[in-house]
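Below is one structure, written out as structure tokens; the observations come after it.
The values are calculated or read from the model by the stated rules, or taken from the named source; none is laboratory data. Note that the structure is predicted; figures quoted are calculated from it, not measured. Note: ideal-geometry Cβ built from the backbone for every residue, glycine included; neighbour counts use all protein chains shown. Side chains are part of the model used for accessible areas, which takes the heavy atoms of the whole protein and leaves out ligands, DNA and RNA. Shrake-Rupley method; radii C 1.70, N 1.55, O 1.52, S 1.80 Å.
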Amino acid sequence: MSKIDFKINKLGYKLPNESAPIANYIPTVVAEKSKLIFTAGHLPKNVKGEIIVGKLGDSISNEDGYNAAKAAALATLGSIKSNIGSLDNIKRIVKLLVMVNSIPEFKDHPAIANGASDLLVEIFEEKGFHARSAVGVTSLPLGAAVEIDLVAEIH
Amino acid sequence: MSTPESKINELKIKLPNAANPVANYVPLVQTGNLLFISGNGPGLKNDKTPFSGKPGISISEQDAIDASYSVGLNILSQVKKHTGNLDNVSRVIRVFGMINSTHDFKNHSKIIDACSNLFTEIFGQDGIHTRTSIGMVSLPFQIPVEIETIFELKI
């Protein structure tokens with residue numbers, strides 16, 4: 001078992017398999033020369049494998065939004081592992097984009113996005129610190145509450 | 001052997017003129033072999049009227065799909081203007097699709113697929129990319145779709 005897999009288990013998380021895209025795209029692409037891996041936007045799923053839907057500030061609580069962001073971030077890691085074999089090959093997390101399905105007046109984007117950031121720092125420690133943007137969007141595919149994509153540097 | 005340029009000819013696709021940016025930014029920036037391309041909008045519907053509005057409300061879903069295809073052509077024009085030849089593209093890395101939408105819109109994938117399908121048609125395997133799709137409360141000039149992309153070049 002890789003070091004990062006061990007860490008993930010120890011923290012009590014379960015790494016999902018690669019997320020199957022819902023249309024004509026793939027979950028990850030490696031830019032070989034730049035040593036960067038890009039992920040597609042990943043949607044959060046609950047333990048039953050259903051997409052976590054809802055609108056922050058309306059039909060889903062901030063706590064559930066935080067956990068949805070965590071689940072979506074974990075999903076990106078599942079897809080990365082499936083592409084590069086081992087999460088130990090991640091040199092560092094570079095950039096995170098957290099998109100929150102929210103009402104126009106919503107203000108707690110950072111608190112929701114922290115679900116993803118906390119998870120990455122918990123797992124990768126100092127290699128997990130990243131640049132981040134968090135935005136509120138008026139809609140997301142399939143009504144998802146949160147969508148996350150990231151860029152990581154690989155060995 | 002089929003190349004992106006021969007495919008464009010074979011499909012009788014006429015690329016539009018590469019548009020100038022509408023404000024203080026450049027159409028694209030190359031760093032290493034990565035090409036970061038600004039958000040592109042669609043051309044005119046049937047070369048006549050601007051695509052404008054939110055799909056399902058003020059523009060039909062089919063028109064939004066056509067707009068997404070048109071955005072794809074505009075992106076290819078920018079890449080061709082920069083590299084001189086689409087055969088210089090090694091792969092499409094990322095498509096970031098923004099849709100001018102209502103708060104309950106869910107069919108993002110259907111619309112952005114028109115752009116993704118164009119890329120896979122032209123570049124084959126190398127055209128398959130990661131993708132993120134989101135719904136925006138507004139877009140410049142009320143266009144229905146704006147798409148930002150990252151391409152990788154053979155250098």
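General observations
- Among the conditions (1) assigned to a loop (DSSP other than H, G, I, E, B); (2) within 14 Å of chain B (Cβ to nearest Cβ); (3) within 20 Å of residue A:116 (Cβ to Cβ); (4) modelled with pLDDT of 95 or more, the only one that residue A:58 does not satisfy is (3).
- Pairs linking a residue in segment A:23-44 that is under 25 Å from residue B:106 (Cα atoms) to a residue that is open to solvent by 10 Å² or more (accessible area, probe 1.4 Å) and modelled with pLDDT under 95, with Cβ atoms under 7 Å and 6 or more positions apart or on different chains, are A:27/A:18; A:27/A:19; A:27/A:21; A:40/A:21; A:42/A:19.
- Selection within segment A:19-33 - within 15 Å of residue A:151 (Cβ to Cβ), in contact with a strand residue (DSSP E or B) (Cβ under 6 Å, 6 or more places away or on another chain) and facing chain B (nearest Cβ under 7 Å): A:28, A:29, A:31
- Subset of segment A:99-114 [surrounded by 18 or more Cβ atoms within 10 Å (Cβ to Cβ) and more than 24 Å from residue B:104 (Cβ to Cβ)]: A:114
- Taken as a whole, the structure places residue B:27 among residues that are touching a Ser or Thr at 6+ places or on another chain (Cβ under 6 Å), open to solvent by 20 Å² or more (accessible area, probe 1.4 Å) and more than 15 Å from residue B:139 (Cβ to Cβ).
- Every condition in (1) open to solvent by less than 10 Å² (accessible area, probe 1.4 Å); (2) out of contact with any helix residue (DSSP H, G or I) (no Cβ under 6 Å at 6 or more places or on another chain); (3) in a helix (DSSP H, G or I); (4) not charged (D, E, K, R) holds for residue A:152 except the one numbered (3).
- Against the test of being more than 16 Å from residue B:59 (Cβ to Cβ), without any contact (Cβ under 8 Å) to a residue 60 or more places away in the chain, open to solvent by less than 50 Å² (accessible area, probe 1.4 Å) and among the hydrophobic types (A, V, I, L, M, F, W, C), the options B:89, B:95 yield a single qualifying residue, B:95.
- Among the residues making up segment B:114-155, a single one is touching a residue at least 12 places away in the same chain (Cβ under 8 Å), of a type in the set (S, T, N, Q), closer than 28 Å to residue B:32 by Cα and more than 9 Å from chain A (Cβ to nearest Cβ): B:149.
- Filter result for the condition that a residue is open to solvent by 10 Å² or more (accessible area, probe 1.4 Å), closer than 25 Å to residue B:129 by Cβ and among the basic types (Lys, Arg), over A:55, A:35, A:70: A:35
- Unmet requirement for residue B:117, which otherwise passes all of (1) open to solvent by 20 Å² or more (accessible area, probe 1.4 Å); (2) in contact with a helix residue (DSSP H, G or I) (Cβ under 6 Å, 6 or more places away or on another chain): (2)
- Among residues of segment B:42-63 that are on the phi > 0 side of the Ramachandran plot, those with a Cβ under 9 angstrom from a residue that is β-branched (Val, Ile, Thr) and at pLDDT 95 or above, sequence gap 6+ or separate chain, pair up as B:53/B:59; B:53/B:143; B:56/B:102.
- Given (1) more than 14 Å from chain B (Cβ to nearest Cβ); (2) without any contact (Cβ under 8 Å) to a residue 60 or more places away in the chain; (3) exposed (fewer than 15 other Cβ atoms within 10 Å of the Cβ), number of the condition residue A:86 does not satisfy: (2)
- Set side by side, the residues B:93, B:111, B:59 differ, and just one is within 13 Å of chain A (Cβ to nearest Cβ), among the β-branched types (Val, Ile, Thr) and over 28 Å from residue B:155 (Cα atoms), which is B:111.
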